[in-house]
Number of protein chains: 2
Amino acid sequence: MNRLSKALPSPLTTTPLATQPLYLSATDAVTLVRRLGLKHCIEGMAQHIRADFLRWPDFDKSARVAHHSQVGVIELMPISDDTAYSFKYVNGHPQNTAIGLPTVMAFGVLADVATGLPTLVSELTLTTALRTAATSALAAQNLARPNSRVMALIGNGAQSEFQALAFQHLQGINTLRLFDIDPLATTKLVANLSHSGLKLQVCASTAEAVQGADIVTTVTADKACATIVTADMLEPGMHINAVGGDCPGKTELAADVLEMSKVFVEFTPQTRIEGDIQQMPADFAVTELWEVLRGTRPGRDSDTQITVFDSVGFALEDFAALRFMHSAALKLGLGERLALIPQMVDPKNLFGTLLTSSRCTAASAQLSE
Amino acid sequence: MNRLSKALPSPLTTTPLATQPLYLSATDAVTLVRRLGLKHCIEGMAQHIRADFLRWPDFDKSARVAHHSQVGVIELMPISDDTAYSFKYVNGHPQNTAIGLPTVMAFGVLADVATGLPTLVSELTLTTALRTAATSALAAQNLARPNSRVMALIGNGAQSEFQALAFQHLQGINTLRLFDIDPLATTKLVANLSHSGLKLQVCASTAEAVQGADIVTTVTADKACATIVTADMLEPGMHINAVGGDCPGKTELAADVLEMSKVFVEFTPQTRIEGDIQQMPADFAVTELWEVLRGTRPGRDSDTQITVFDSVGFALEDFAALRFMHSAALKLGLGERLALIPQMVDPKNLFGTLLTSSRCTAASAQLSE
């Protein structure tokens with residue numbers, strides 16, 4: 001055994017923890033958002049998302065990989081550019097709230113393309129709510145009429161407050177018209193946003209909430225082909241931010257709403273499967289948001305046109321959000337290192353991690369017995 | 001604020017940590033293997049893998065999702081049955097060892113299909129080496145001649161010792177004939193296994209090592225179409241366990257070796273892309289291992305037939321390995337809980353996690369400003 005110790009490097013841990021991924025817990029994410037302020041976080045994420053959408057061709061994109069069951073779905077959403085890779089794990093289980101769990105839970109990983117080393121393992125439940133709201137507001141900045149001030153918010157669940165505040169801060173919305181089939185959800189939203197400065201109008205139906213709105217945001221959670229918004233509710237110039245229709249069999253807009261509108265999407269191959277346009281023919285015309293942001297294709301064509309952002313959530317947004325959170329966490333000194341990767345002096349000697357220098361002979365004998 | 005506190009449940013954390021995933025670090029995995037013994041772990045994993053292969057039709061299977069770069073690959077490997085879901089993150093970067101990092105690093109997750117809740121976040125670098133070796137030995141138990149005692153081991157890198165010990169314990173191999181283009185790798189293997197009871201014969205070439213072997217195991221790491229084993233080396237009745245040819249552009253066997261042999265694979269659609277049979281026509285005949293294990297298709301047809309297990313590593317093996325590690329860690333009290341999922345009394349009130357009961361008004365004002 002002494003011969004081995006001299007002949008070969010010790011397999012014991014000496015590599016610095018900086019080569020291990022940073023771990024950002026749900027608690028750390030809350031601390032991060034509290035310390036930076038929600039407005040700063042949403043603005044920062046929107047900037048990151050915009051910057052990454054502008055370099056759209058740089059990314060190796062794929063539709064998410066979904067595993068469906070009777071009660072929900074579990075998905076992986078990977079993406080990479082030449083230097084960084086990310087994926088998100090996310091579920092959707094509408095019945096979860098009945099047993100005290102969130103409908104949507106998520107976490108994600110950043111990794112280094114040059115080595116494959118994971119650099120960040122982070123909660124993404126709170127972060128997804130922030131990035132979804134930031135993406136919605138970013139799209140509306142480029143698609144809604146600039147003077148939009150009144151937003152209908154249909155579905156007042158877990159994501160609704162984030163949508164409200166993103167539109168307040170990035171788009172200038174000052175009035176919310178609220179509806180949810182569960183009045184307690186609206187009560188919760190009103191309580192949470194009572195100090196926001198937003199004017200909150202509780203409505204008795206979707207039709208009432210939509211009336212007079214410049215922007216209509218739908219964030220409902222039922223896993224069903226629902227028609228939350230129908231053609232008779234539409235008014236000229238409206239922008240519809242359809243967030244809740246985001247997997248096969250889950251839609252929010254009636255087909256004629258889509259027919260009457262100019263429809264914008266994130267990543268066409270994914271949205272045709274998951275978005276509200278899953279109801280439409282495969283050649284139904286859509287415009288990808290990144291082209292509007294880059295100025296290569298027009299957004300809204302007139303003040304009276306109805307625009308729809310058929311948002312399903314794309315991996316690029318998580319990539320941007322993870323990079324924002326990673327950078328912010330490092331600046332604030334939040335999070336801790338996970339010993340997720342074996343640390344070896346000789347990386348070809350994985351087996352050596354099972355042997356300790358002091359007990360090497362005994363362990364080797366025991367391990368091999 | 002008092003009104004809110006009374007009207008709505010507090011958003012503060014009270015949910016028990018048992019609903020958070022168990023985290024098993026690389027250090028914990030080493031402790032687990034040391035405490036149970038490597039033989040016990042490999043046998044336990046082989047049993048789990050066999051049991052899951054036997055219920056093959058129960059699984060929702062897909063080929064892995066790979067992101068390739070100039071220097072390596074990053075992959076996600078998801079799978080699920082009706083109750084459990086798993087995925088593995090794994091890279092392959094042959095140049096990593098030059099900067100002190102392993103070529104292959106991995107971690108994985110188990111989740112509950114009914115709720116989407118992750119139940120385990122675990123290292124999978126060490127665990128993958130164990131499960132790959134267990135799968136190889138399981139295949140050989142069913143494909144090699146039963147009286148096989150001598151194994152050539154070509155490639156003496158990070159996975160080689162695990163292969164050696166799995167074949168010793170599960171297949172009855174007592175002699176290893178070793179070759180690696182890097183003599184230091186062989187020196188390391190000989191040192192690591194000097195107390196194993198295996199007879200170790202260092203050879204000067206692949207051809208020399210293969211001579212007289214009952215089983216030939218190839219675990220080389222070059223990302224290239226190599227021909228480690230050529231037809232002239234083959235002897236009647238050999239079983240070839242080809243482990244290192246596992247991604248597009250990475251093979252180990254000459255095409256005529258495959259033509260002379262009966263070839264067995266894990267999951268055909270994946271192996272046609274990643275395995276040694278990527279060199280062959282799309283209709284090249286293969287047999288899936290699960291059918292041999294279930295007895296629905298024959299394995300080896302005669303004592304003189306040459307058999308090849310063209311192994312690329314399938315998500316089902318990680319699923320089984322993660323379940324073995326999870327169960328063992330819970331029994332041994334290893335690992336800790338990660339606060340990866342926000343804990344909320346009211347799961348519809350994600351925004352409430354940003355507000356503390358004592359500072360709710362101030363925080364709400366600050367967050368919304």
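Would you confirm, using the coordinates I've provided, whether A:Asp283 is at negative phi, in contact with a strand residue (DSSP E or B) (Cβ under 8 Å, 6 or more places away or on another chain) and modelled with pLDDT of 95 or more? So A:Asp283 does not fit the description; no.
Please indicate, with yes or no, whether at least one residue in region A:330-337 is more than 14 Å from every other protein chain (Cβ to nearest Cβ) and in contact (Cβ under 8 Å) with a residue 60 or more places away in the chain. Yes, that holds for at least one residue. Only residues that are of a type in the set (S, T, N, Q) and in contact with a strand residue (DSSP E or B) (Cβ under 7 Å, 6 or more places away or on another chain) were counted across region B:59-81, and they come to 2. Name the single residue that is farthest from B:Leu138 (Cα to Cα) among those in region B:286-323 being polar (S, T, N, Q) and in contact with a strand residue (DSSP E or B) (Cβ under 7 Å, 6 or more places away or on another chain). Only one residue fits best here, namely B:Gln305.
Count of region A:223-239 residues, restricted to those that are in contact (Cβ under 8 Å) with a residue 40 or more places away in the chain and out of contact with any Gly (no Cβ under 8 Å at 6 or more places or on another chain), is 6. Annotation: B:Gly172 fulfils all but one of (1) over 18 Å from B:Gly44 (Cα atoms); (2) surrounded by fewer than 18 Cβ atoms within 10 Å (Cβ to Cβ); (3) within 25 Å of the chain's Cα centre (by Cα); the unmet one is (1). Assessment of region B:71-78 against the conditions (in contact (Cβ under 8 Å) with a residue 12 or more places away in the chain and closer than 30 Å to B:Met344 by Cβ) yields at least one matching residue. Cβ separations smaller than 6 Å between residues 6+ apart or across chains give the following pairs from region B:174-197 residues that are within 11 Å of another protein chain (Cβ to nearest Cβ) to residues that are crowded, with 18+ Cβ neighbours inside 10 Å and among the hydroxyl-bearing types (Ser, Thr, Tyr): B:Asp180/B:Thr186; B:Leu189/B:Ser160; B:His195/A:Ser364; B:Ser196/A:Ser368. Restricting A:Val257, A:Val263 to residues that are assigned to a helix (DSSP H, G or I) and crowded, with 24+ Cβ neighbours inside 10 Å narrows the list to A:Val257. Within region B:324-369, the set of residues being among the charged types (D, E, K, R) and modelled with pLDDT under 80 comprises B:Arg359, B:Glu369. Taken over region B:124-164, the criterion of being of a type in the set (S, T, N, Q) and facing another protein chain (nearest Cβ under 9 Å) is satisfied by B:Thr125, B:Asn156, B:Gln159, B:Ser160.
Residue-wise test of (1) more than 17 Å from B:Phe87 (Cα to Cα); (2) at the interface with chain B (Cβ under 7 Å from one of its Cβ atoms).
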residue	(1), (2)
A:Gln70	yes, no
A:Met77	no, no
A:Tyr89	no, yes
A:Thr97	yes, yes
A:Leu101	yes, yes
A:Val104	yes, no
A:Leu110	no, no
A:Ser122	no, no
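Would you call A:Thr230 at pLDDT 95 or above, more than 24 Å from the chain's Cα centre (by Cα) and surrounded by fewer than 22 Cβ atoms within 10 Å (Cβ to Cβ)? No: the conditions fail for A:Thr230. Residues in region B:48-58 that are loosely packed, with under 15 Cβ neighbours inside 10 Å and either touching a strand residue (DSSP E or B) at 6+ places or on another chain (Cβ under 8 Å) or touching a residue at least 24 places away in the same chain (Cβ under 8 Å) (or both): B:Ala51, B:Leu54, B:Arg55, B:Asp58.
The values are calculated or read from the model by the stated rules, or taken from the named source; none is laboratory data. Keep in mind the model is a prediction, meaning the values are calculated, not measured. No Cβ is skipped: glycine too gets one built from the backbone with ideal geometry, and neighbour counts run over all protein chains shown.
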